[in-house]
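Here is the structure we will look at, set down as structure tokens.
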Amino acid sequence: MNTPLHSCALKKMDGTDTSLIAYTGKVLLIVNVASRCGLTPQYQALEQLYRERQNNGFAILGFPANDFREQEPGSDEDIAAFCQSKYSVSFPLFSKISVTGADRHPLYSALTAAAPTAVGEGPMRTKLESFGIKTSPAPEVVWNFEKFLLNRQGEVVARFAPDVEVTEPRFLTVLNGLLNTET
């Protein structure tokens with residue numbers, strides 16, 4: 001398992017350097033998160049899913065990003081404190097990055113190249129635009145809480161729009177297939 005995704009240098013919230021190689025053999029859900037977004041309550045379902053499935057070789061990796069209307073303005077310490085106090089987040093959180101635009105982190109360049117379209121794409125973009133919010137063109141990440149699902153070999157197998165929740169059958173079907181069929 002050595003894909004371009006795995007060579008991306010990452011920094012955990014505690015300041016330690018790592019990469020996706022540390023998660024070799026796990027099914028991964030990579031999510032760009034924000035604490036001041038209308039979708040922030042998704043943390044609750046993400047945490048519940050993580051607690052239920054982590055012993056099955058599953059990990060959620062949260063990447064705070066301030067790309068969308070400055071909905072993640074705090075420091076890494078502020079973000080960690082919020083996630084712990086409000087949602088008891090125990091899945092790994094990483095240092096704040098950019099997920100779109102010219103300063104997009106290489107991880108998100110690789111993710112969007114591997115999966116240029118998202119399941120459920122459209123309604124969220126339309127809703128944002130109806131509020132006069134300019135959205136990034138495809139294949140850029142549309143908003144906070146966009147989700148990328150990777151198999152145990154580190155390949156992106158699905159991408160889900162921000163408003164597709166991890167409790168929905170269209171997400172769970174793919175996740176369950178990865179967890180049940182791959183060893």
Fill in the blank from the handout: Note: among Gly74, Gly101, just one is farther than 14 Å from Ile30 by Cα, touching a helix residue (DSSP H, G or I) at 6+ places or on another chain (Cβ under 8 Å) and either aliphatic (A, V, I, L, M) or not in a helix (DSSP H, G or I) (or both), namely Gly74
Practice task
State yes or no: is Thr173 outside any loop (DSSP other than H, G, I, E, B), without any contact (Cβ under 8 Å) to a residue 12 or more places away in the chain, more than 16 Å from the chain's Cα centre (by Cα) and closer than 26 Å to Leu20 by Cα?
Solution key: yes
Problem - Contacts under 8 angstrom Cβ, first residue in the range 92-116 being farther than 17 Å from Asp67 by Cα, partner modelled with pLDDT under 95 and among the β-branched types (Val, Ile, Thr), 6 or more apart - result: Ala110/Thr3
Handout entry: Condition check for Leu128: outside any loop (DSSP other than H, G, I, E, B) and modelled with pLDDT of 95 or more
Key = no
Completion exercise
Only unsatisfied item for Val141, checking (1) of a type in the set (A, V, I, L, M, F, W, C); (2) assigned to a helix (DSSP H, G or I); (3) in contact (Cβ under 8 Å) with a residue 60 or more places away in the chain, is (2)
Handout entry: Residue identified as in contact with a Phe, Trp or Tyr (Cβ under 6 Å, 6 or more places away or on another chain), in contact (Cβ under 8 Å) with a residue 24 or more places away in the chain, within 26 Å of Gly25 (Cα to Cα) and surrounded by 13 or more Cβ atoms within 10 Å (Cβ to Cβ) among Val119, Val166
Key = Val119
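Let's see how each residue does on (1) surrounded by 18 or more Cβ atoms within 10 Å (Cβ to Cβ); (2) in contact with a helix residue (DSSP H, G or I) (Cβ under 6 Å, 6 or more places away or on another chain):
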site	(1), (2)
Ala9	no, no
Lys12	no, no
Ala22	no, no
Leu28	yes, no
Ser35	yes, yes
Leu46	yes, no
Arg51	no, no
Gln54	no, no
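The values are calculated or read from the model by the stated rules, or taken from the named source; none is laboratory data. Small disclaimer: the values here were computed from a predicted structure and weren't measured. Counting neighbours? That spans all protein chains shown, and the Cβs are built from the backbone with ideal geometry, glycine included.
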